[in-house]
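Accompanying notes for the structure given below.
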Amino acid sequence: MNGWVTGLAKLACALLVLLLIPVQAVIIPLAASETMANFPDYRPLAIAGIVWAIVAVACIQSVLVLLWVLLSMVGRGRIFVPTALGVLTAMAWVAAVFTGLMALAFAALTVTSALPGLVAIGLIAGALIGVMALLVFIVIRGLLSTATSYAAELAEVI
């Protein structure tokens, strides 16, 4: 991967992480406040909903930071190392947590009869995206594990 491509990808990761901070700090609480003003019956769900949304966004930020770490490893030419496997494992766990958050919200809102159609679609889409990300991270980790072992064997031969 070219140095400028790696740098551009790292810049995109950093910008996305930074842009998501005001979402967590301002937009989510404001949206919850507006929703509670319009639907006072759902006020007991407000704090849980805010915490859920902030944690879901933190999952996205975590994957972006871990991607930054992988890109840095690529930039240094050190991708075939066990550390990279740990980073991909962490990314897979974050994707699993994100998927669990989507399923938990879907179940909780269904049980409380507070699940509008568009929210249901969003939660299902989020869960599917989480599962797909999890599968991609697992496959890439498996491929990288095999490549790392081949690189180690090749280094012994040379």
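The values are calculated or read from the model by the stated rules, or taken from the named source; none is laboratory data. From a predicted model like this one, the values you see are computed outputs, not experimental measurements. The area values use the complete protein model at the heavy-atom level, side chains included, leaving out ligands, DNA and RNA. Shrake-Rupley method; radii C 1.70, N 1.55, O 1.52, S 1.80 Å.
Brief remarks on what is shown
- Secondary-structure-derived ellipticity at 222 nm for the chain, considering helices only, amounts to -30000 deg cm²/dmol, per-run term -39500 (n - 2.57) for DSSP H runs with n ≥ 4.
- The chain - accessible surface per residue (Å², probe 1.4 Å): 62
- Kirkwood hydrodynamic radius computed over region 1-57 comes to 13.2 Å, based on all pairs of distinct alpha carbons.
- For the chain, the share of accessible area belonging to carbon and sulfur comes to 78 percent (1.4 Å probe, ligands and nucleic acids excluded).
- P(r) histogram, all alpha-carbon pairs of the chain included - 5 Å bins from 0, percent: 2, 9, 14, 17, 17, 12, 10, 7, 6, 4, 2, 1, 1, 0, 0
- Gain upon complete extension [Y42, A90; 0.36 nm per residue less C-alpha separation]: 13.8 nm
- Relative to the longest principal axis of the Cα atoms of the chain, the long axis of helix 28-38 makes an angle of roughly 20 degrees.
- A Stokes-Einstein calculation at 20 °C with viscosity 1.002 mPa s, built on the Kirkwood radius of region 59-133 over Cα pairs, returns a diffusion coefficient of 156 µm²/s.
- Each Cα pair under 8 Å and six or more residues apart adds its separation to the average, and for region 12-98 the resulting relative contact order is 35 percent.
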